[in-house]
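**Q** Just passing along the structure, written as structure tokens.
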Amino acid sequence: MGLQIDIPAVLANHAALAAKAPGARAAAVVKADAYGLGATRVAPALYAAGVREFFVALAHEGRAMRAHLPEDAQINILSGHMEGEDLAGLTPVLNSPAQFFRDRAMRPGGRFAIQLDTGMNRLGMEAAEWAAIRDEALAARPAFIMSHLACADEPDHPANAAQLAAFRAMTDECGVPRSLAATGGILLGPDYHFDLVRPGIGLYGGLPFAQAQPVVRLSLRVIQTRDVKAGEMVGYGASWHASRDSRIATVDAGYADGVLRALSSSGVSLFAGDAACPVVGRVSMDLITVDVTDLPEVPDALDLICPQQPIDRLADLAGTIGYEILTSLRQRYQRTYL
Ligand SMILES: *Cc1c(COP(=O)(O)O)cnc(C)c1O
């Protein structure tokens with residue numbers, strides 16, 4: 001019951017992605033509480049499996065992580081060195097000359113990395129900014145230099161090759177370890193792997209890593225079951241009316257738990273084993289109503305996320321991506337870690 005998180009599956013996914021990039025070390029991206037699955041459980045398990053480089057978005061995530069990982073685990077902060085931030089024991093990924101100079105002034109000799117922008121225009125130094133500080137930055141010995149691909153989940157997108165060429169042009173002569181690929185980049189092949197790869201979503205069972213083992217199962221408890229006559233309505237807005245005499249189960253999660261309201265009337269189902277039971281009416285804050293008329297017997301719980309309906313199927317139905325499905329899952333579920 002509740003949210004079941006399969007840690008051995010995370011480790012298997014990490015090993016499978018690492019095996020696709022045998023020339024590189026494989027880090028693990030555990031930002032946003034390991035995509036909502038619990039960084040304090042996921043990261044130590046990955047450490048025990050040999051992972052030594054971790055990435056989070058913000059320094060406070062890194063500080064929370066620090067206590068759960070031995071000293072030789074490197075915790076890299078993608079937002080870099082923001083004003084007034086305590087970065088003791090952390091590695092900022094410096095995104096601008098201003099961050100570089102602030103960091104060197106505040107933490108002389110401290111471990112740091114550099115992020116370059118190669119076309120995504122989100123984070124990182126532009127080519128001209130990098131050219132201006134490059135000699136000084138290299139003299140300070142960055143742990144690695146990285147960039148990020150905008151379209152790695154679309155292998156034929158021309159931006160991939162363009163970003164690769166830009167990254168090479170900015171870093172080929174640097175003599176510093178390099179990192180370009182997240183999950184999608186790993187799957188683009190060896191040209192994209194360099195020295196360090198940074199998988200996130202693939203560890204947690206999401207596309208574009210189609211061979212990933214599923215990591216999450218979400219089972220919702222049936223609170224109540226009722227008979228509804230043909231023509232009666234169910235739920236807010238009376239958006240659904242029974243077309244036949246029906247049996248409706250009400251289960252204990254809703255949009256406050258990350259079951260996106262956009263899933264209402266989307267064709268989403270809850271599963272009793274292989275049997276699909278359509279969600280009917282609108283998703284409420286704490287409740288969902290499900291048509292269980294065709295089940296011979298109503299079980300104690302029905303699954304929203306399961307092998308029959310993986311996160312990317314839910315994402316398609318809700319008009320979003322697997323990343324948002326995972327990071328929307330909230331703390332209210334009882335969690336079980338395998
Ligand atoms: C989130 C993120 C990753 C991980 O990306 P996935 O697509 O989840 O594998 C890697 N690098 C950076 C800079 C990121 O922001």
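**Q** Restricting attention to the range 175-185, does a residue exist that is among the basic types (K, R) and touching an Asp or Glu at 6+ places or on another chain (Cβ under 7 Å)?
**A** yes
**Q** Hey, another quick one. Give the residues of the range 162-192 that are within 14 Å of A18 (Cβ to Cβ) and under 20 Å from the mean Cα position of the chain (by Cα), sorted by residue number.
**A** S179, A181, A182, T183, G185, I186, L187
**Q** Filter the range 193-234 down to residues that are over 30 Å from A150 (Cβ atoms) and among the hydroxyl-bearing types (S, T, Y) and give me whichever is farthest from the chain's Cα centre (by Cα).
**A** T225
**Q** Identify all residues within the range 109-133 that are away from the ligand (no atom under 15 Å from the Cβ) and either open to solvent by less than 50 Å² (accessible area, probe 1.4 Å) or without any contact (Cβ under 8 Å) to a residue 40 or more places away in the chain (or both); write none if there are none.
**A** G109, G110, R111, F112, E126, A128, E129, W130, A131, A132, I133
**Q** Of all residues in the range 259-282 being out of contact with any strand residue (DSSP E or B) (no Cβ under 9 Å at 6 or more places or on another chain) and assigned to a loop (DSSP other than H, G, I, E, B), which is farthest from G319 (Cα to Cα)?
**A** D274
**Q** Which condition does G267 not pass, out of (1) open to solvent by 40 Å² or more (accessible area, probe 1.4 Å); (2) touching a Cys at 6+ places or on another chain (Cβ under 8 Å), if it passes all the others?
**A** The single condition G267 does not satisfy is (2).
**Q** Could you list, in sequence order, all residues of the range 151-177 that are open to solvent by less than 50 Å² (accessible area, probe 1.4 Å) and either of a type in the set (A, V, I, L, M) or more than 18 Å from L78 (Cα to Cα) (or both)?
**A** C151, A152, A159, N160, Q163, L164, A166, M170, T171, C174, V176
The values are calculated or read from the model by the stated rules, or taken from the named source; none is laboratory data. From a predicted model like this one, the values you see are computed outputs, not experimental measurements. Note: ideal-geometry Cβ built from the backbone for every residue, glycine included; neighbour counts use all protein chains shown. Areas reflect the complete protein model, heavy atoms only, side chains present, ligands, DNA and RNA absent. Shrake-Rupley method; radii C 1.70, N 1.55, O 1.52, S 1.80 Å.
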